[in-house]
Amino acid sequence: MIRSELIQKIADENPHLYQRDVERIVNTVFEEVTGAMSRGDRVELRGFGAFSVKKRDSRVGRNPRTGETVQVDEKHVPFFKTGKLLRDRLNGK
Amino acid sequence: MSDTTLTRMDLSEAVFREVGLSRNESAQLVESMLGHMSDALVRGEQVKISSFGTFSVRDKSARIGRNPKTGEEVPIQPRRVLTFRPSHLMKDRVAGGNRS
């Protein structure tokens, strides 16, 4: 499923909404999640999962091709943990 | 890092502000989005949202695990797990917004 298919499903279920409003709704939701994480916030969606930000410490890495050592700075990365209900549903429970 | 947690309510509030539907309908739309995404994943489909990320389902085979407290061996059944791979755009925004 891709973004446009998700938009289409929701548009089909809501014939009273304009397609462009459905697009705005779907885009707004994803934008809120990304925006929250870029402020360092968590987004917890019970039953689905939680988006959070994890800190990766700085480390000395190595260029695998040349073997050269490189300093990798500390960084923050997005992280998703599946919710219990969805995890159970994936396993037919 | 701040300890603010957003919930469904914040997402539907954003939809409410952006589109001007009722709060109730906004909440239902957020729910239906999550429902369609979950259903697709349960069917084994990938959910690929451009400039956000990709959710995919992976099959894990059975293995022998260990209770870390007691050291006891326990069989772990084969199972399906969900992984999320953030898009480059999301990674860049999250890294850029949290620079210390």
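Rounded to the nearest 0.05, what FRET efficiency do B:Ser32 and B:Asp59 have when you use their Cβ-Cβ distance and R0 = 35 Å?
Efficiency, rounded to the nearest 0.05: 0.80.
For region A:8-93, just say rounded, prolate or oblate: build the C-alpha gyration tensor, square-root its eigenvalues into a ≥ b ≥ c, call rounded for a/c under 1.5, and beyond that prolate if a/b exceeds b/c, oblate if not.
Prolate, since a/c reaches 1.5 and a/b exceeds b/c.
Compute the accessible area of each residue in region A:51-83 twice, once for its chain alone and once with every protein chain present, using a 1.4 Å probe on heavy atoms, and list those whose area falls by at least 10 Å².
Listed in order, they are A:Phe51, A:Val53, A:Glu74, A:His76, A:Pro78, A:Phe80, A:Thr82.
Using just the Cα positions, wrap chain B in a convex hull and report its mean projected area in square nanometres, one decimal place.
That works out to 10.2 nm².
Enumerate by residue number the GluC sites (Glu not before Pro) in region B:6-90 meeting two conditions: DSSP loop (anything except H, G, I, E, B), and at most 10 other Cβ atoms within 10 Å of the site's Cβ.
Hits after loop and neighbour filter: B:Glu72.
Mind listing the phi-derived Karplus ³J(HN,Hα) values for region B:80-95, rounded to whole Hz, using 6.51, -1.76 and 1.60 with θ = phi - 60°, and x for any glycine or proline?
10, 10, 9, 10, 10, 10, x, 6, 4, 4, 5, 4, 5, 5, 5, 5
List the relative contact order of region A:43-84 as a percent without decimals, with contacts defined as Cα pairs under 8 Å and 6+ residues apart.
In percent, rounded to a whole number, it is 49.
Determine which residues of region A:45-59 fall in the zone a paramagnetic label at A:Asp88 would reach in this model, i.e. backbone nitrogen under 11 Å from the point 7 Å along Cα→Cβ.
Answer for this model: A:47.
Using r as the Cβ-Cβ distance of A:Gln71 and B:His88, and R0 as 22 Å, what FRET efficiency do you calculate, to the nearest 0.05?
Given R0 = 22 Å and the Cβ-Cβ separation, E is 0.50.
Before we go on, tell me the buried accessible area for the A/B pair, both chains summed, 1.4 Å probe, in Å² to the nearest 100.
Approximately 4700 Å² gets buried when A meets B.
Would you mind computing, in nm to one decimal, how far apart the modelled labels at A:Ser58 and B:Arg43 are, each placed 7 Å from Cα along Cα→Cβ?
4.8 nm
Any idea of the accessible area per residue across the protein assembly as shown, 1.4 Å probe, to the nearest Å²?
61 Å²
At q = 0.08, 0.16 Å⁻¹, what is the base-10 log of I(q)/I(0) for the protein assembly as shown according to the Debye formula with one equal point scatterer per Cα and no solvent? Please give it to two decimals.
-0.33, -1.09
Using only Cα atoms and rounding to the nearest 10 degrees, what angle (0 to 90) does helix B:8-19 make with the longest principal axis of chain B?
Between the helix axis and the principal axis of chain B, the angle is about 30 degrees.
R0 = 35 Å: FRET efficiency of A:Lys81 with B:Ser22, Cβ-based, nearest 0.05?
According to the calculation, E is roughly 0.65.
Can you give me the Kirkwood hydrodynamic radius for region A:43-84, using every pair of distinct Cα atoms, in Å to one decimal?
One over the average 1/r among Cα pairs gives 12.4 Å for region A:43-84.
Only loop residues by DSSP count here, and only those with at most 11 other Cβ atoms within 10 Å; note down the trypsin sites (Lys or Arg not before Pro) in chain B that meet that.
B:Arg43, B:Lys69, B:Arg99
To the nearest 10 degrees, how steeply does helix A:3-13 sit against the main Cα axis of chain A, on a 0 to 90 scale?
20 degrees
Highest GNM mean-square fluctuation, chain B, Cα pairs closer than 10 Å: which of B:Thr70, B:Thr54, B:Thr83?
Comparing B:Thr70, B:Thr54, B:Thr83 in the GNM, the peak value goes to B:Thr70.
The values are calculated or read from the model by the stated rules, or taken from the named source; none is laboratory data. Bear in mind that the values here come from a model prediction, so they are computed numbers and not experimental data. FYI the Cβ positions are ideal-geometry reconstructions off the backbone, even for glycines, and counts take in every protein chain you see. Only protein heavy atoms, including side chains, enter the accessible area calculation; ligands, DNA and RNA are left aside. Shrake-Rupley method; radii C 1.70, N 1.55, O 1.52, S 1.80 Å.
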